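Down below is the structure, laid out as structure tokens.
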Amino acid sequence: MKIGRVGMATALGACLAFGAVAADTPKSGGVLTYMIPADAPPSLDGHRETTFATVHATAPFYSVLIRINPLNPNSPSDFVCDLCTEMPTPTDGGKTWTFTIRDGVKWHDGSILTAQDVAASWQRLAHPPKGILSAREAYFTMIESVAAPDDRTVVIKLKYATGAFLPALADPFAYIYKKDILERDPHWYERNVMGSGPFRFVELQTGQSVKGQRNPDYYHKGQPYLDGFVAIFAAAQALRIDAIRADRAATEFRGMPPSSRDQLVKELGDRITVQTNPWNCVNLLTPNHKRKPFDDVRVRRALALAIDQWKGAAALSKIANVRTVGGVVFPGSPLAATQAELHEMIGFWPDVEKSRAEAKRLLKEAGAEGLKFELLNRNIDQPYKYIATWAIDEWSKIGLQVTQRVLPTGPFFDALRSSNFDVTVEFNCQGLVNPLLDIAKFLPKTAYPENFGNYEDDKAIALYEAALQEPDPAKQREKVRAFEIHSLVTEAHAIMTPWWERILPARSYMKGWKIGPSHYVNQDLATIWIDK
Amino acid sequence: MYLYIIKRVLLVIPTLIGAAALVFLLMRLIPGDVCVIRLGSSGGTFDPKAVALCHQELGMNRPIWVQFFDFMWGIVRFDFGTSMWSGKPVTTEIWARLPVSLEIALLGSVLATVIAIPLGTLSALRQNSWLDVFVRVFAIGGIATPSFWLGIISLLIVLDLTSFFLGAAWMPPIDYVPFFEDPIRNLSMVLLPAITIGYRYSAITMRMTRSTMLEVMREDYIRTARAKGLIHKLIINRHALKNAMLPVVTLIGIEFAFLIGGLVVTEQVFNLNGVGRLFVQAVQNQDYTLTQALVMMTVVVFVFCNLVVDLLYAWLDPRIRYS
């Protein structure tokens, strides 16, 4: 009898274990419907667009040369081949990279993809011909040349060896296009789709949806698991929550605020699965250095000192999609400041009373006590308005009187570019975690034209260049830290706010997809499967 | 009559030119730049050279008067150009959205008219009765309730009710399918928005019908008809209702024209890919060409609806002659 119970228990355990394994084994079939939380993108060309809406709508149709490991998207340095056969070891002191391209990869029209296609695409990205727009050309300034000596080899030569190259190469927008088409009509890909990715293009309904179907010739064996997908543009957040609740769509791939997550979990229980991750996006508070008294570093430091990052992050994370306190580098990166290092920096001191006393002293010394000013903000709810409201409240604690001016995107950018603001809420949100390029946001206008602080700072440029071209990781970290301390402490060019938190509720039947720190990455849907 | 129609159609030309000049100037007074929005609004890095190239592609680096004459010359040739945002012809962009807006506007108008005219008439005929009170409360509720709020609430009610009774929440589809492709899916998507906008629309029309009917019923010719011994039904249908309909028809015409391009928030709430939403996107993206074309389209729709209303006047009141 006893043996029988043990036997039954063993059998039951085996069944359960088998069940668990079976449940985690990808199943083929089904159509995934998901939403793209935006209006339709301007064009379908990844090379020329910057919006995530383009990637979410078109990434499933295309291959890239290398990418962040889709099974480990949280790592900023786990790069794997997509079209290449193995990650190469660079030669020539890190300046020459030779990639071998997979054999027999087919375009969706049945023709064979060659190294010439890859080289032509990368030439277009790094050195676009006259009249062709490559939106991220600035990312690829280290690339000297791209060549395809034969059908299966691509050689990329760099001007200088840099750790910023591989992340730049894994840019999720860097689709591989067909050379023949590019030569025939360089604008063809703006309105048409023809790739070699996991899904074939079926239909684009202008302004509404994109449909794709399984590519049976896909080169990653067994993938994709889905028969097809439907991506629906849905800008209204309330509707997206309703749609997930009613199963009109399984998910979206950008990120939702905590309240939406809580609502869906309450409504759907175990029928919803939530993934969260620190997000490679951050809002900055940038004083206009050309306006008095923000030309005075003491005033800028006082603004930083008034803000309690640590308590603020904890409180805001309950209502807004922010969570992690950090410096200029994304907190998940090895180059980021540790908590102990942050505690040493003004604006991050653990003792906020000490901070605010120092802020008041600096304001008094600068003759700016009771300063009144306006905080310019963009008309976006999450998390811009939450961040601004919080900052205004924090500043009021050192006697500052701040009002908020909220503008729609067009006028907001116009105000930034014409320097028509006192202090503004800015943002740094990049396609991929590439700290060395991401921190360029903190460079002065001469080196980074989209910096709106209106300051010149040769030392910052020198510190940045030193970090960018440093091959040794440990030394590079020291140099990045020096740049960070210079930017946030010595000069207080900008004030950090908590880094964003990516919260993604999805119907529990959607499996095989892992969240990462960027909403641009891991969007080809090849690993997703449906377990209904 | 034909001469009148031709005159009215010809009058559209100066109206369009005036509207075109106005919208051209107003759009350029809004601070901002379509290229900067396109390249920079995602928060990523972009090259200022890219902005310059974008300006060049879109012809924004040309003098403003050249752009203006180019635009006006395009209108003369019925060529509204390509969208600065998507690069597609603006006619393609608008045609893709027009069926949705047209269907909702038609359905909303039919619903509103079918509800409003009988109820408004009954309410007037039975003034101060319980029916009249009910109609007035219903109408005031419709006027006071914003359509978008009603849309959100009706969606939530549908979700909660289906969840409670069926065990799984249901809501209308969020992607549009044309009626002739899949009638059931199409109607299940457009019915709720049509009811949502139809409620407000019917409330206004109902109040108008009621007040004009009350006025007409006190006219001498109605008293005369009664004195002659005409039956009540005939008095209402032939004499009162036709005369009372003049302002109601005007209202329906204006409301219908408004619905073609004005359902901005309702379209957002139900994820309808309509003209109203396109209008907002075009303005937000500072897409001059598309905004200009949409304004032109709206002007034409309003002018056409007014023309139809004027022609209906002649049918409703034989004393009106356009000669």
Exercise for the section: Only residues that are over 16 Å from A:Ser43 (Cα atoms) and among the charged types (D, E, K, R): list them for region A:167-188, please. Expected result: A:Asp171, A:Lys178, A:Lys179, A:Asp180, A:Glu183, A:Arg184
Practice task
Scan region B:214-229 and give yes if some residue there is buried (at least 18 other Cβ atoms within 10 Å of the Cβ) and within 14 Å of B:Ile117 (Cα to Cα), otherwise no.
Solution key: no
Problem - Any hit, region B:23-30, residues being touching a Cys at 6+ places or on another chain (Cβ under 9 Å) and more than 7 Å from chain A (Cβ to nearest Cβ) - result: no
Practice task
Report yes if some residue within region A:131-139 is in contact with a strand residue (DSSP E or B) (Cβ under 9 Å, 6 or more places away or on another chain) and either buried (at least 23 other Cβ atoms within 10 Å of the Cβ) or free of Cβ contacts under 8 Å to residues at least 40 places away in the same chain (or both); otherwise report no.
Solution key: no
Problem - Exclusive hit being buried (at least 18 other Cβ atoms within 10 Å of the Cβ) and polar (S, T, N, Q), set A:Ser77, A:Ser121, A:Ser145, A:Ser111 - result: A:Ser121
Problem - Criterion: within 14 Å of another protein chain (Cβ to nearest Cβ) and basic (Lys, Arg) - qualifying residue of A:Arg481, A:Arg417 - result: A:Arg417
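Taking the stated definitions as given, is B:Glu181 more than 24 Å from the chain's Cα centre (by Cα), assigned to a loop (DSSP other than H, G, I, E, B) and either surrounded by 22 or more Cβ atoms within 10 Å (Cβ to Cβ) or modelled with pLDDT of 90 or more (or both)? Show your work before the answer.
Details: more than 24 Å from the chain's Cα centre (by Cα): yes; assigned to a loop (DSSP other than H, G, I, E, B): yes; either surrounded by 22 or more Cβ atoms within 10 Å (Cβ to Cβ) or modelled with pLDDT of 90 or more (or both): yes.
Yes: the conditions hold for B:Glu181.
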Handout entry: Among residues of region A:151-165, those that are out of contact with any Ser or Thr (no Cβ under 6 Å at 6 or more places or on another chain) and more than 19 Å from A:Arg102 (Cβ to Cβ), counted
Key = 8
Problem - Residues that are farther than 30 Å from B:Pro172 by Cα and of a type in the set (A, V, I, L, M), drawn from region B:195-220 - result: B:Met208, B:Met213, B:Leu214, B:Val216, B:Met217
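Let's see how each residue does on (1) within 12 Å of another protein chain (Cβ to nearest Cβ); (2) hydroxyl-bearing (Ser, Thr, Tyr); (3) under 26 Å from B:Val280 (Cβ atoms):
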site: A:Glu203; (1), (2), (3): yes, no, yes
site: A:Arg214; (1), (2), (3): no, no, no
site: A:Tyr218; (1), (2), (3): no, yes, no
site: A:Val230; (1), (2), (3): yes, no, yes
site: A:Ala243; (1), (2), (3): yes, no, yes
site: A:Ser260; (1), (2), (3): no, yes, yes
site: A:Val265; (1), (2), (3): no, no, no
site: A:Gln275; (1), (2), (3): no, no, no
Completion exercise
Of the residues in region A:30-43 that are surrounded by fewer than 24 Cβ atoms within 10 Å (Cβ to Cβ) and aliphatic (A, V, I, L, M), the one that is farthest from the other protein chains (Cβ to nearest Cβ) is A:Val31
Exercise for the section: Can you give me the number of residues within region A:493-532 that are in a strand (DSSP E or B) and in contact with a helix residue (DSSP H, G or I) (Cβ under 9 Å, 6 or more places away or on another chain)? Expected result: 13
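Residue by residue, here is whether (1) in contact (Cβ under 8 Å) with a residue 40 or more places away in the chain; (2) surrounded by fewer than 16 Cβ atoms within 10 Å (Cβ to Cβ); (3) among the aliphatic types (A, V, I, L, M) holds:
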{"position": "B:Arg97", "(1), (2), (3)": "yes, no, no"}
{"position": "B:Leu107", "(1), (2), (3)": "yes, no, yes"}
{"position": "B:Ala116", "(1), (2), (3)": "yes, no, yes"}
{"position": "B:Thr121", "(1), (2), (3)": "yes, no, no"}
{"position": "B:Leu131", "(1), (2), (3)": "no, yes, yes"}
{"position": "B:Phe134", "(1), (2), (3)": "no, yes, no"}
Practice task
Among residues belonging to region A:195-213 that are over 16 Å from B:Asn271 (Cβ atoms) and modelled with pLDDT under 95, point out the one that is farthest from the chain's Cα centre (by Cα).
Solution key: A:Glu203
Practice task
Report whether or not B:Ile222 is of a type outside the set (S, T, N, Q), within 16 Å of the chain's Cα centre (by Cα) and assigned to a helix (DSSP H, G or I).
Solution key: no
Practice task
Grab the strands (runs of 3 or more DSSP E) fully contained in region A:27-128, keeping just those with 1 or more residues being free of Cβ contacts under 8 Å to residues at least 60 places away in the same chain and touching a strand residue (DSSP E or B) at 6+ places or on another chain (Cβ under 9 Å).
Solution key: A:79-81, A:96-100
Problem - Checklist (1) crowded, with 19+ Cβ neighbours inside 10 Å; (2) away from chain A (no Cβ under 14 Å) applied to B:Asp175, failing item - result: (2)
Practice task
Inspect all residues belonging to region B:42-56 and state whether any of them is over 30 Å from A:Asn283 (Cβ atoms) and within 11 Å of chain A (Cβ to nearest Cβ).
Solution key: yes
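Can we say B:Gly141 is modelled with pLDDT of 90 or more, surrounded by 15 or more Cβ atoms within 10 Å (Cβ to Cβ), farther than 22 Å from A:Ala235 by Cα and away from chain A (no Cβ under 14 Å)? Outline the logic, then answer.
Values: modelled with pLDDT of 90 or more: yes; surrounded by 15 or more Cβ atoms within 10 Å (Cβ to Cβ): no; farther than 22 Å from A:Ala235 by Cα: yes; away from chain A (no Cβ under 14 Å): yes.
Considered against the rule, which asks whether it is modelled with pLDDT of 90 or more, surrounded by 15 or more Cβ atoms within 10 Å (Cβ to Cβ), farther than 22 Å from A:Ala235 by Cα and away from chain A (no Cβ under 14 Å), B:Gly141 comes out as no.
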Practice task
Output yes when any residue across region A:101-109 is within 14 Å of another protein chain (Cβ to nearest Cβ) and either within 22 Å of A:Gly431 (Cβ to Cβ) or touching a Gly at 6+ places or on another chain (Cβ under 9 Å) (or both), and no when none is.
Solution key: no
Problem - helices (runs of 4 or more DSSP H) wholly inside region B:236-320 containing at least 2 residues that are in contact with a helix residue (DSSP H, G or I) (Cβ under 8 Å, 6 or more places away or on another chain), in contact (Cβ under 8 Å) with a residue 60 or more places away in the chain and over 30 Å from A:Ser43 (Cβ atoms) - result: B:242-262, B:288-316
Handout entry: Residue match in region B:297-308 (condition: under 23 Å from B:Gly74 (Cα atoms) and either in contact with an Asp or Glu (Cβ under 6 Å, 6 or more places away or on another chain) or not hydrophobic (A, V, I, L, M, F, W, C) (or both))
Key = yes
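Of B:Arg126, B:Arg97, which residue is within 28 Å of A:Asp39 (Cβ to Cβ) and either at pLDDT 95 or above or charged (D, E, K, R) (or both)?
Values: B:Arg126 fails: within 28 Å of A:Asp39 (Cβ to Cβ).
The conditions single out B:Arg97.
The values are calculated or read from the model by the stated rules, or taken from the named source; none is laboratory data. None of these values were measured; they are calculated from a predicted model. Cβ coordinates were reconstructed from backbone atoms using ideal geometry, including for glycine residues, and neighbour counts include every protein chain displayed.
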